[in-house]
Structure formats: structure tokens, C-alpha cells
Amino acid sequence: MRIAVMLSGRGTNLQALIESVHGFDAEIVAVVSDHEDAPGLRHARTANILTRSFELDQFERRAARDNAIADWLDENKVELVVLAGYMALLDDSFIARFRDRIINVHPSLLPAFPGTRAVDQAVDYGVKVFGVTVHLVDEGIDSGPILLQRSIELPGYSDPTEVHQILQTIEHELLPEGVRLMVRGAVSRDPANPQRLIIEP
């Protein structure tokens, strides 16, 4: 399966995918960023993966930018889009073009603490159990059907930076696992409840 990864920052999840999925279960054929200087793009170039940046100020509006991204992904015959630290919202038209073919990793146990600063929200709330979610992307904010979740008890942790570092190690395992399930065709929506996913063994 041909995969595109979208990122905004350091690209640690991309690196995890390159090490565990790329060339094994699937092929990462393109990496997109909304920042041309995103450090994560270097991981892709080191692995000889095609990269391109689409900065919002190059376009009149977000929909035009996202349509250009979708066109580029189609040109490269991308079958699955993986959001790996991509911090921009995707336009509804982009999501429609890749319906049920976009997955995202999020540093909370959704539906709790969606959106940005999820770890900060959880720490401020005083939770003792944190976690990571991999989910399908829909038009809402981190509201798509949940594919995988993993929790970890961190009583006494009050520094969001420390918590996020711990959660990243889980992200680096859970996101590749989610990609492998999608590549294997093991994921489908429950006909009785479309917000629930069925995972075949």
C-alpha cells in the first residue's frame, strides 16, 4: 500500500514509521508538511522519500491549500494518509476525497481532551491515567472512530513535557500498529454503529 505521511514538526512518528513499516508492510511514498522548515522533512529526505511543503500563506484559503495537497497525493497514487503530528485542520473536501483512508495519532484517551494541547488539558484536569489514541479522521476535531488506544498510569506527574515524552514512546508503537491494520484491510465500520470499528483478527 502506498502511504503519505503529513507532519508539522520534528517527525518522530514519521521516523518510527520509516523504521517499522516502510519497506516492510507498506511504502511511504510522500511526506507533506504545512511548514517548509519542519525538521521532520529531513527524516523523509534521508530515507529518499518524496517531500513537499504547502504553507497556508501560499494560498487564498485553507480549502485551496488542502485541495492542492490532495491533488499531489493523488498524483503519487497515495492510498492511505497518516497524520503524524500534523497540527493543521483538514478541509472537509480533503477528508471526503480520502474517506476512511486517513488516520491520526492523538496524545489522549479520546473522546477526552480532543484538539490542541491535549496533554496540558489532561494535566490541568488532574488525571492519573493518560494515553494515546489512533483513530480515523472525519470532519470533526479528533472525533472519528477509534482504531486503537493504550493507557498508562502516571500518578504524580504534573509536567506536561514529561508526560508527552512518555506518551511519545506509546505513539511510536501504536501508530505503526494502526497502519499495519489498515494496510492489511482488517478495519471496517460496524454497520449497526458507524462510529465503531470492527477489527478482524
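Worth a mention:
- Leading residue by the ranking (surrounded by the fewest Cβ atoms within 10 Å (Cβ to Cβ)) among those in the range 14-35 that are of a type in the set (Gly, Ala, Ser) and touching a strand residue (DSSP E or B) at 6+ places or on another chain (Cβ under 8 Å): ALA26
- Scanning the range 43-68 for residues that are within 20 Å of ARG10 (Cα to Cα) and not small (Gly, Ala, Ser) yields HIS43, ARG45, THR46, ASN48, ILE49, LEU50, THR51, ARG52, PHE54, GLU55, LEU56.
- Restricting GLY115, GLY140, GLY156 to residues that are farther than 28 Å from ILE28 by Cα and not hydroxyl-bearing (Ser, Thr, Tyr) narrows the list to GLY156.
- Positions within the range 89-109 being in contact (Cβ under 8 Å) with a residue 12 or more places away in the chain and within 19 Å of LEU197 (Cβ to Cβ), in sequence order: ILE95, PHE98, ASP100, ARG101, ILE102, ILE103, ASN104, VAL105, HIS106, SER108, LEU109
- Sole exception among (1) under 20 Å from SER188 (Cβ atoms); (2) of a type in the set (S, T, N, Q); (3) surrounded by fewer than 20 Cβ atoms within 10 Å (Cβ to Cβ) for THR133, by number: (3)
- Selection from the range 7-63 of residues that are without any contact (Cβ under 8 Å) to a residue 24 or more places away in the chain and on the phi > 0 side of the Ramachandran plot: GLY23, ASN48
- Candidates LEU148, LEU109: the one that is under 18 Å from ALA84 (Cβ atoms), crowded, with 16+ Cβ neighbours inside 10 Å, in the same structural domain as ASN193 (by TED's automatic domain parsing) and of a type outside the set (Asp, Glu) is LEU148.
- Count of the range 148-201 residues which are basic (Lys, Arg) and under 19 Å from ALA112 (Cα atoms): 2
- All positions within the range 70-88 that are among the hydrophobic types (A, V, I, L, M, F, W, C), in contact with a helix residue (DSSP H, G or I) (Cβ under 9 Å, 6 or more places away or on another chain) and without any contact (Cβ under 8 Å) to a residue 60 or more places away in the chain: ALA70
- Residue within the range 110-118 that is β-branched (Val, Ile, Thr) and in contact (Cβ under 8 Å) with a residue 40 or more places away in the chain present: no
- Candidate set from the range 157-201 (those that are among the small types (Gly, Ala, Ser) and without any contact (Cβ under 8 Å) to a residue 24 or more places away in the chain); member that is nearest to VAL5 (Cα to Cα): GLY185
The values are calculated or read from the model by the stated rules, or taken from the named source; none is laboratory data. Only a predicted model underlies this, so the values are computations on that prediction, with no experimental measurement involved. Methodologically, a virtual Cβ is constructed for each residue, glycine included, from the backbone with ideal geometry; neighbour enumeration extends over all protein chains shown.
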